[in-house]
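Contents: one structure, followed by commentary.
The values are calculated or read from the model by the stated rules, or taken from the named source; none is laboratory data. Just so we're clear, the structure is a prediction, and the values are computed from it rather than from any experiment. Because the Cβ atoms are built from the backbone with ideal geometry, glycine has one as well, and the counts that use them run over all protein chains shown.
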C-alpha cells in the first residue's frame, strides 16, 4: 500500500520528519517497508524558458532553441517537437541527466548544430502517454526551478504493509487516523460541497435498485450525472495517482480510483446510456453463464458469483471488475456512479477462482465501512462534476436491506491491565478508544460500555479493545518482566492434564534421541490418496490457501513423510523424528463437526547412528522402532505389550499391531510398520522408512490408571546364564520367553534376548529356514547369594524343558 505523505498532511497537520512518521506507524503495527520518491527519475529535470526558437538550417522539422534554465548562459537545444515556440516554459533535461527510460543526456549535434540538452514531452517524463509535442508549463514558473517542485509533485511516499485484519488502513484516511492517534493530532475530513442541479432531474426517477439477498449486498447506492465530458484529468489528479502507482485513464475513471485510494471505498462508473430498463439489480450468477469484463476477457461464472445486472443482462462482476458492455468511453455523456458493500467471502472466492485480483476486490475481501460509503459517494460525485463539467442529479437511488448495526462491547480496565501487564490509566484508555472512533460510556468505572466504529470491523471482542490500548501505548514499551511463579504441591497436578502428559511425551522423545517435527494440520488430498486412506471422514477446508493444504489430516503419517522428502532434498539422510499432533475426522455428533485425536508419530530412516565409531553400523529397521515403542511403554508403566502381525494396512507392509493390557483385555495402542517402498519412493526415500503411529489419548488414559510401585534395590549379586536355541525362522522370541516362564525356574529375575543369528545358506522365507536366538537369564535371591550348584540345577530344567515345549534345539 503506497501512501503519499503530502496527501496525508491534508488530513492531519503532521509536521515531523517522514522517518519519524514511519517509525511510529511501524510501532503501531503498520510496518513501513520503504520510503519512496516516486519522481526520483525526473529529479534532474528543470524549468526552462524558451528565449528564441528558429528553424534548423538543415531540416524542415527541427528547431534551434535558446533556453534559459537559470544558469549564467542560455542553452542551445535542438528540438523536433511541432509545438515548441518562443516564450514558452518547458521541462528541460540538462547534460548529464538520466531519463526515466535510462537514457543519459549527452552533448551532441543534430545535422551539424550542437545541442546541450533536451526539451521533454510528458511521455518522456513518465507523466502521461502524450507524445505529440513537448510539455508546455504554466508561464508563472521560474527558470531553473526543479520540475518536481514547480509542479508540486509528491516526493515522499510510504510503502506500508497492511495486515489482513486492518482493512481500515487501506486508504489515506485510514493511515491518517493512525497518524492522528499516534501523535495526538486532529483529523480533518475533506470538505464536501456537492450541489445537485435541480434542473438535471431526479436519480430515483431514472434508476431503481433491487437487491436479491441482503446478506450478499447490505447496501447499494447510486448517483446519476448528466452532461459529462470525458477528457484527460487535471494535472493535480493525474500526478497524485501516478505517485501512488496508479495509471491515469480519464477524468471519470480517475475520480473513482482517487476516492478508492483516499477513502478506501471502491466505486464503479457505468455509462448510463448503455444500461437497459432503468433498473440495477444485485443478484447471483447462473451456473455456466459468462460475462466479458473490462479487460476484454470472457469469464465463466458459477452460481456462487455475484453480479450487477440491468433489466436484461449482467453488466459487472460485483466487487471485482466492471463489464465491457457498460464501461465508460469517450462517447459517454451520462454516468451512473455505484457505491455498494458486498459480503467479503463472496468477493474473495470469485476473485481467487478467476485469478482476477483488483484494488476493489482487495478491499471488499477485507471489509469496507458501510456507514462512510455515503460520504465517499457524495465526494466522488462532487469531484466528477468539478473535473468533467457534469451536472449531478438530485437524490440518491438506494436499497439497504441490511442497515449497519452498531456493535457494543464491555471494557474492564482492570482486566485490560492484567492481560497486558501494564498500569494504564482510565484517562489514557478513554483517550485511546475515543481516538479510534469508539463511543465510550464510563458511567460504571469498572465496566465501560464501548461502541466500535463501522470502519474497524476487526474490533469484535473486548480483548480487541485491550490490544488497541496496548498498541497505542507501544508494544515495544511493555517491560520484559518474568512472571512470578510460586511452586506448591498443587502444581504437580499439571502432570495429570493433557498438556502435561504431552509435554512428558516430548521430553521422553528428546531424551531418546529423536528430533521434533512440527507440521500444519492441513495436508493435500493427494497426500491422503497416496497413502490409500479412505475418503470417509475427511474434512475439506472451505477456503484453502493452496491445493496442497485443502484437507485436515486424518492420520499423522503425511506430515512426517513430507519431512522425509524435505530432509533428503537437503542432504540429511539419517532421520529419527517424532511428532505429537492431532488427527481429525468428521463426526456429526461433535459440536465442531470434527473428532480430534492426539497422536504420537515416530519415524526412523537411514543409518542407525549418525557417527561410525564407536557405534554399531547398520540401517535402522523394525527392531529400532520396536525398541523405541517398548521403551516408551515401559516409561509409561504400560508393559508388557504384544506385537501382533496385521495382514493388511493401507500404507504399511509389514504392519504390526501394538496391543497393551487394558481393564477388559488387550487394547490397540497403535501400529508399527515399514512404509511401502512405492509410497516411500514418492517421497524420494530409497531406503526403508519405519513408522509408528500411536494413540496418545489412549496412552494417557491408561497411564493415568496406573499407580507407581516401589521396591528395595537388590542387595545380593545376580548370577547370569546364557542359552542359545536353534529354532524355525517363523518362531518369534516372545514364544521362547513365554515357554521359559512356564517352566518356572526358581529365582529367575529376568529374560533378555541378546543376539540373533540367521544362517545365510537358506532364504529367510524358506520352509526349512532356521535362526539362532540367544537369551540371557538372570537369577537372583532376595535374601542371600546364590551358589552355582543351585543355579545350574534350575538352569538345567530350562535346557531340558524347552525342546519339549517348542520345536527348538539347544
Qualifying position, being part of a strand (DSSP E or B) and either in the same structural domain as residue 65 (by TED's automatic domain parsing) or out of contact with any helix residue (DSSP H, G or I) (no Cβ under 8 Å at 6 or more places or on another chain) (or both), among 191, 205, 198: 198
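May I ask you to say which residue of 559, 601, 537, 513 is assigned by TED's automatic domain parsing to the domain that holds residue 686, in a helix (DSSP H, G or I) and touching a residue at least 24 places away in the same chain (Cβ under 8 Å)? Reasoning before the result, please.
Details: 601 fails: in a helix (DSSP H, G or I); 537 fails: in a helix (DSSP H, G or I); 513 fails: in a helix (DSSP H, G or I).
None of the others qualify; the one that does is 559.
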Matching residues in the stretch 381-418 - criterion: being surrounded by fewer than 17 Cβ atoms within 10 Å (Cβ to Cβ), part of a helix (DSSP H, G or I) and touching a residue at least 60 places away in the same chain (Cβ under 8 Å): none
Filter result for residue 628 (touching a residue at least 24 places away in the same chain (Cβ under 8 Å), touching a helix residue (DSSP H, G or I) at 6+ places or on another chain (Cβ under 6 Å) and surrounded by 20 or more Cβ atoms within 10 Å (Cβ to Cβ)): no
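Here is a list: 179, 188. Which entry is surrounded by fewer than 18 Cβ atoms within 10 Å (Cβ to Cβ) and either touching a strand residue (DSSP E or B) at 6+ places or on another chain (Cβ under 8 Å) or under 25 Å from residue 431 (Cβ atoms) (or both)?
Details: 179 fails: surrounded by fewer than 18 Cβ atoms within 10 Å (Cβ to Cβ).
Residue meeting the stated conditions: 188.
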Strands (runs of 3 or more DSSP E) contained entirely in the stretch 610-675, each with at least 3 residues that are more than 17 Å from residue 733 (Cβ to Cβ): 652-662, 665-675
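In this structure, does residue 363 turn out to be under 23 Å from residue 161 (Cα atoms), buried (at least 16 other Cβ atoms within 10 Å of the Cβ) and assigned by TED's automatic domain parsing to the domain that holds residue 203? Working first, answer last.
Details: under 23 Å from residue 161 (Cα atoms): yes; buried (at least 16 other Cβ atoms within 10 Å of the Cβ): yes; assigned by TED's automatic domain parsing to the domain that holds residue 203: yes.
When the stated conditions are applied, residue 363 passes them.
For residue 306, state whether it is out of contact with any strand residue (DSSP E or B) (no Cβ under 8 Å at 6 or more places or on another chain), buried (at least 17 other Cβ atoms within 10 Å of the Cβ) and touching a residue at least 40 places away in the same chain (Cβ under 8 Å). Walk me through it before giving the result.
Numbers: out of contact with any strand residue (DSSP E or B) (no Cβ under 8 Å at 6 or more places or on another chain): no; buried (at least 17 other Cβ atoms within 10 Å of the Cβ): yes; touching a residue at least 40 places away in the same chain (Cβ under 8 Å): yes.
Answer is no for this residue.
Out of all the residues in the stretch 147-170, which are farther than 26 Å from residue 126 by Cβ and in a loop (DSSP other than H, G, I, E, B)?
To start, the set of residues in the stretch 147-170 that are farther than 26 Å from residue 126 by Cβ comprises 162-169.
Once the filter is applied, which keeps residues that are farther than 26 Å from residue 126 by Cβ and in a loop (DSSP other than H, G, I, E, B), the stretch 147-170 yields 162, 163, 164, 165, 166.
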The stretch 256-272: number of residues that are under 25 Å from the mean Cα position of the chain (by Cα) and part of a helix (DSSP H, G or I): 2
Residue match in the stretch 42-50 (condition: part of a loop (DSSP other than H, G, I, E, B), touching a residue at least 24 places away in the same chain (Cβ under 8 Å) and closer than 30 Å to residue 190 by Cβ): yes
Breaking point among (1) without any contact (Cβ under 8 Å) to a residue 40 or more places away in the chain; (2) in contact with a strand residue (DSSP E or B) (Cβ under 7 Å, 6 or more places away or on another chain), for residue 710: (2)
Those residues of the stretch 273-294 which are assigned to a strand (DSSP E or B), buried (at least 17 other Cβ atoms within 10 Å of the Cβ) and out of contact with any helix residue (DSSP H, G or I) (no Cβ under 8 Å at 6 or more places or on another chain), in sequence order: 280, 281, 282, 283, 284, 291
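Look through the stretch 434-452, keep the residues that are without any contact (Cβ under 8 Å) to a residue 60 or more places away in the chain and either under 22 Å from residue 366 (Cβ atoms) or outside the structural domain of residue 473 (by TED's automatic domain parsing) (or both), and return whichever of them is surrounded by the fewest Cβ atoms within 10 Å (Cβ to Cβ).
451
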Residues being in contact with a strand residue (DSSP E or B) (Cβ under 8 Å, 6 or more places away or on another chain) and surrounded by 12 or more Cβ atoms within 10 Å (Cβ to Cβ) - total across the stretch 125-148: 12
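Only one residue in 431, 350 is under 35 Å from the mean Cα position of the chain (by Cα) and assigned by TED's automatic domain parsing to the domain that holds residue 295, so which one is that?
Values: 431 fails: assigned by TED's automatic domain parsing to the domain that holds residue 295.
On inspection, the qualifying residue turns out to be 350.
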